[in-house]
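What follows draws every value from the coordinates through simple rules; no lab data is involved. The structure presented is a predicted model; accordingly, all values stated were derived computationally and were not measured. Cβ placement follows ideal geometry from the backbone for every residue including glycine, while neighbour counts extend to all protein chains displayed.
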């Protein structure tokens, strides 16, 4: 049952995750990782680029991003709210796994394509950041709600399954792109 303490924990964790997200995504992330982490577009795959190119840069970014969030959550737990270790693990697992999938950018491009907003100059950044911030709310709620190790394990497993599914989608996209060779505009 939700309590005022749980709500306060979620609110404080959201603020902490949001602040550390902004620092991790815009200040700590290297320019090299920012440019290299996205999945190749279908036209690039048709030209022979491996569909998983960019994962090493993405892993570097996710490591520094999540480390920053962990430090921020530790600070909040020690000074402001009674954040449990399983709650912190759940929040970090969801934040890291979804951040990895979003930063591959194919999901971002799918949303832009569905909105028919190809000419929207700020679209990729706005959609990317909106997805990240929405997930941070989910992570913050999980931080307040998950209080047992089993919950943290389940959330972490779900996060890993999400990343595995995203990698499978990337392979499928590559096979489809190979079948449509010559049409770089298709997603």
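Can you name every residue in segment 129-161 that is without any contact (Cβ under 8 Å) to a residue 60 or more places away in the chain and either outside any helix (DSSP H, G or I) or crowded, with 19+ Cβ neighbours inside 10 Å (or both)?
The answer is 135, 142.
Within segment 163-173, identify whether any single residue is within 12 Å of the chain's Cα centre (by Cα), part of a helix (DSSP H, G or I), closer than 21 Å to residue 65 by Cβ and touching a residue at least 40 places away in the same chain (Cβ under 8 Å), and answer yes or no.
The initial filter retains those residues of segment 163-173 that are within 12 Å of the chain's Cα centre (by Cα), namely 163, 166.
If we keep only those that are part of a helix (DSSP H, G or I) too, we end up with 163, 166.
Now narrow it down to the ones that are closer than 21 Å to residue 65 by Cβ: 163, 166.
Adding the requirement that they be touching a residue at least 40 places away in the same chain (Cβ under 8 Å) leaves 163, 166.
Checking segment 163-173: at least one residue is within 12 Å of the chain's Cα centre (by Cα), part of a helix (DSSP H, G or I), closer than 21 Å to residue 65 by Cβ and touching a residue at least 40 places away in the same chain (Cβ under 8 Å).
Can you name every residue in segment 1-24 that is more than 27 Å from residue 126 (Cα to Cα) and buried (at least 22 other Cβ atoms within 10 Å of the Cβ)?
Narrowing segment 1-24 to residues more than 27 Å from residue 126 (Cα to Cα): 1-9.
If the condition is that a residue be more than 27 Å from residue 126 (Cα to Cα) and buried (at least 22 other Cβ atoms within 10 Å of the Cβ), then 9 is the only one that fits.
When segment 31-47 is examined, which residues are found to be surrounded by fewer than 19 Cβ atoms within 10 Å (Cβ to Cβ) and more than 11 Å from residue 177 (Cβ to Cβ)?
31, 32, 34, 35, 36
What is the one condition in (1) touching a helix residue (DSSP H, G or I) at 6+ places or on another chain (Cβ under 8 Å); (2) in contact (Cβ under 8 Å) with a residue 24 or more places away in the chain that residue 111 does not satisfy?
Failing condition for residue 111: (2).
Is there any pair linking a residue in segment 59-78 that is without any contact (Cβ under 8 Å) to a residue 40 or more places away in the chain to one that is outside any helix (DSSP H, G or I), with Cβ under 7 Å and at least six apart or on different chains, and which?
77/83
What do you reckon, is residue 101 in contact with a helix residue (DSSP H, G or I) (Cβ under 9 Å, 6 or more places away or on another chain) and within 24 Å of residue 176 (Cα to Cα)? Lay out the reasoning, then the answer.
Values: in contact with a helix residue (DSSP H, G or I) (Cβ under 9 Å, 6 or more places away or on another chain): yes; within 24 Å of residue 176 (Cα to Cα): yes.
Considered against the rule, which asks whether it is in contact with a helix residue (DSSP H, G or I) (Cβ under 9 Å, 6 or more places away or on another chain) and within 24 Å of residue 176 (Cα to Cα), residue 101 comes out as yes.
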